[in-house]
Every structure is written in C-alpha cells, then in structure tokens.
Amino acid sequence: MKTLTTWLLLALMVGSLSIGQAQDTYTFALNNADPLITTYKGPCYVHRAEVYHREELVLLLPGKGYQPTFYDQFIIQAGKLGYHGLALKYVDDVALDIQVPCGSSALNNCFVDARMENITGNDVSPVVAINRTNSIEHRLIESLFYLNEVFPGNGWDKFWSGDSTILWEKIRIVGHEEGAGYAATIGKTHNLARVVLMGWSDWDNNNNALPAWLGDNSATPAANWYGFAHTQDEVMPFSRQEASWNALGFGTFGAVTSVDATAHPYNNSHMLSTSITPALSNTAFNDVVLVSSYVPLVNNELVLLDAWSYLIDGSNKVNIAEEWNLLPLSLAPNPANTEVQISGDFAQGAQVRVFSTDGKLQQAEVSSRSVDQLSLNISSLSPGIYLVELISGQQRGSARLMVK
C-alpha cells in the first residue's frame, strides 16, 4: 500500500495536462467488458485524459495479429494532447487476408462487405462469418460502457447516446496495416472527426489495380483524412499506399511530405512519409510508423512524436499546453482536512471537479454566480493527494490538493 508520502512524491511528478502517466494508463481484457466475448480479448490499452480532455476519443485499430499494447506510446501521446485513447482488439484474422479472397473475387464490393460484417456483425459477406457480439462496434460500445463504470465521471459516456448509439463524429480513428482497412471503411460510412491510415492499401489482384471502393463517396469529409507510411514498407509497397491516398482524395491537400526532411506542419500535407531506420530490426518498416518498440529514440525521445501529434489533430509535441488558456488557481489551506478555499476566476456556471489519483471523480461543484473564491467542503475525502480542476468557459486550470 502506498503511504501518503509516496502519493505526494508521485503527485510532484505530475505534468500540467494530466494526473500522471502511471495513473492514466490502463489495460483490460474484453471479456471484462462483455463475458460473451471469448476470443480476441486483448488486452486493450487505454490512456485517459482526465484534465483538459477534448471530449473526443482516439480509437486505434491494430494490425493483423498485433496486440493493442504494442501501440502504447501513440495512445499516451493522444492523451497528452487532451484526448481519451483506446487501442481496441478485434477479430483480426479476418484480415483474411481479405486481400486473398477479395483480391481475386468477381463479387461487387467484396472488400467493403467483408469488412462491414466485421464492423457491424451483420451477415453481408460470404467471405467472413462474424456475429454481432464479436463485431468491432459491439466491442467498442461495451468497452466504453465498461470504462465509464471503472472511471465514473471521466467522460467515457460522451462517446455514445441512448442505449448504445456510437457518436462517431467524436471519434478519431487510427488504423495500422489491416486495422487501417477497417478505419477507412468506417470513415466511408460514418462521419468521423479524423481518419488516419498507416501501412496499408487494398489491392485488386484480378485487375492488378486499386479496388474501386476507394473512390466511393465518403461520410467523413476529405479534409479529415490522413496517411503515413515508410518509403520502404515491406508489407505494402509505398507506391500502392500513395495510390490509395490519392484515390481517397488526400492529394487535394498537397504532395507527399517527408517528416524526416520537413518541419511541422509538414506543408499541411495529408500524405506523410518517413525513411527512418527502425529500432530493434532494420527491416520492420511497416511497424516503425506506429509500433512503439520499433520507433527510434533521439535524446531519449521518440522521433515520431511530432508527426503523430500532427496526424492526431495538427498539434506538435511542444505546443500542447500553449493551446489551452490556462487559469491561475490556488488552494488554501493546502494541506487541508475539512474545507479548502479555491481562488480563481469563477464565472457563473464555472465547474470545480475533484479527482483522485486513479482518475475517479470524487466531487463536483458549479458556481451559481461570478466570484473570485469558492469554499469547498472536503470532509468526505479520505487522506491523500487529489487534483482540483476548474473549468470556466473556454478556460481551465488545475492544482494539486493534499487532504490530511
């Protein structure tokens, strides 16, 4: 059990945008979310943005045979940018090598139908057999329900409405390899906040060409699509990936831009490339764009953090805090045991929330008028370290509180 001193030391290491990496990351098996899910259970990987979160979800769909935990650093970066992040396990052997049966099939829309069955669980394809319980949609909604129970008040309920309607417009999907095929299919059929495709392209072996579906109308606006690939990709040739991007309309926003040779914001291109040498293996070119262990370090920092941030929302790794109009916030006394005075700029309707170090909402107050100080009764809180957050309009502030 951690002592109060230990919690204090942990709190001192906390960054300005979140309670701290150790408390923000979480893994869970999908059968914890729904006991009927008995295969391809994960673990799924989660990074929570308790403070300043943008009320959007970065959803990552792994490549075939890859565990969600392989992508931990990308999900953590999404959290640092203010997003909740979830790397979700799905039935990925249907990668199906979708390329194999669909690449030589005369069936219309074979690629789309096969993926849609895995996404929805509806029986629309003779190539796959996925029921609703094992579908990507069901796995996602059950994960959101589960995370909302584990972390109440942490905003996981903002990504669905009614009983189980996924609010796709609040989701940014990132797909790696075969996961990108599913991301693209969802982007075509739902209006997403963003679609990012890495290390992937479909290919019609019948006609030795891109499949026609890539040119179909898209529910997600063209401005929300991005691609990133290694120029020496050994799984899917870069030339095919670039051709896919152009078929999807990325070229409207400029030519392919190297993140190695061009500074952020990469000419505002939606087609990014890299030629970096992967860590651990000199030939893991498909993996180096997204899999944590293959991304090389420079000065003890992953070299792709800027590129990842740009792909997520246009940010870069050094301007995260600058985007927020931060409010000064002070607490007195601190430590406290029954009551604390919170000094700040409280407009009418300003919210004050108190989180424990595991990210759970402990207390919430709303200001009934504009004041510069609020009194908060904390007698119900157990001794320990807490994070007090103020939200007033578009401004936010936070401070750490010790309860003794």
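Laboratory data are not the source of any read-out in this text; all were calculated from the coordinates shown. Values in this document were obtained by computation on a predicted structure and should not be read as measured data. Note: ideal-geometry Cβ built from the backbone for every residue, glycine included; neighbour counts use all protein chains shown.
Karplus-derived 3J(HN,Hα) values for region 306-315, using 6.51 cos²θ - 1.76 cosθ + 1.60 with θ = phi - 60°, are 4, 5, 4, 4, 4, 5, 5, 7, x, 6 Hz; glycine and proline are entered as x. Summary of packing: across the peptides 138-144, 24-30, the per-residue average of other C-beta atoms within 10 Å ranks them, highest first, as 138-144, 24-30.
If you take all other residues with their beta carbon under 15 Å from the beta carbon of residue 163, and give Lys and Arg +1 and Asp and Glu -1, the sum is -3. For region 18-322, the calculated P(r), taken from all Cα-Cα distances in 20 Å bins from zero up to the bin holding the longest distance, is 36, 60, 4 percent.
Close amide H partners of residue 363, meaning residues 5 or more places away or on another chain with modelled amide H under 5 Å apart, are 354. Each of 404, 170, 360 was scored by other Cβ atoms within 10 Å of its Cβ. Arranged with the fewest first, they read 404, 360, 170. Here region 188-309 is treated as a sphere whose radius is the Kirkwood value from Cα pairs; by Stokes-Einstein at 37 °C and 0.692 mPa s it diffuses with a coefficient of 218 µm²/s.
Strictly over 21 Å apart at the Cα level, which of 41/64; 80/158; 158/360; 41/158; 80/404; 64/170 would you flag in this model? Don't skip to the answer; put the middle values down first.
Working: 41/64 14 Å; 80/158 19 Å; 158/360 16 Å; 41/158 24 Å; 80/404 30 Å; 64/170 25 Å.
Listed pairs above 21 Å: 41/158; 80/404; 64/170.
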